[in-house]
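**Student:** My questions all concern the structure below.
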């Protein structure tokens with residue numbers, strides 16, 4: 001079953017790279033993978049699931065970084081540090097090719113762009129809910145949502161920068177360092193207003 005799933009994902013990736021997400025049908029993916037259309041839908045109920053996971057690993061990892069932060073560190077700082085470290089590694093040679101392929105596919109499809117924004121919205125909500133759980137704000141207080149939106153805004157901006165650089169042919173230690181530096185500068189800007197908020201006691 002796992003081999004079948006991997007074959008479907010590989011076939012979809014090849015076709016999306018060749019022709020673009022919007023111009024490939026599930027039937028064609030099934031044919032390339034050597035399975036029937038129903039098998040594809042059994043593994044991936046929606047076509048977008050072939051590009052984006054239903055529950056992206058970054059969600060659990062981000063929450064874990066916030067929950068395990070040391071005393072005195074704000075939720076925004078912990079989440080921001082995680083984001084900068086994670087996105088910086090997209091500039092490594094091992095990741096760059098996959099990042100470039102994914103960027104081309106996503107930027108070539110309005111459907112995938114909408115889905116990516118939905119995923120980012122869910123990530124923002126999840127982070128805000130974690131901060132709310134810790135701080136127990138009064139009804140109507142905006143701080144948890146502002147902090148969460150600031151972090152995911154940094155993530156989005158840094159991710160798009162990584163995609164731009166990789167598509168332009170950059171990769172390696174210099175790109176990793178650039179992404180880390182720019183991410184840290186962005187985080188410092190956010191921390192100017194958020195450093196004292198939601199500190200662990």
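The values are calculated or read from the model by the stated rules, or taken from the named source; none is laboratory data. Quick caveat: nothing in here was measured; it's all calculated off a predicted structure. Methodologically, a virtual Cβ is constructed for each residue, glycine included, from the backbone with ideal geometry; neighbour enumeration extends over all protein chains shown.
**Student:** Output the residues belonging to region 143-172 that are in a loop (DSSP other than H, G, I, E, B) and out of contact with any helix residue (DSSP H, G or I) (no Cβ under 8 Å at 6 or more places or on another chain).
**Tutor:** Matches in region 143-172: 168, 169.
**Student:** Given 140, 186, which one is outside any helix (DSSP H, G or I) and either in the same structural domain as residue 94 (by TED's automatic domain parsing) or in contact with a helix residue (DSSP H, G or I) (Cβ under 6 Å, 6 or more places away or on another chain) (or both)?
**Tutor:** Selected residue: 140, the only one of 140, 186 that is outside any helix (DSSP H, G or I) and either in the same structural domain as residue 94 (by TED's automatic domain parsing) or in contact with a helix residue (DSSP H, G or I) (Cβ under 6 Å, 6 or more places away or on another chain) (or both).
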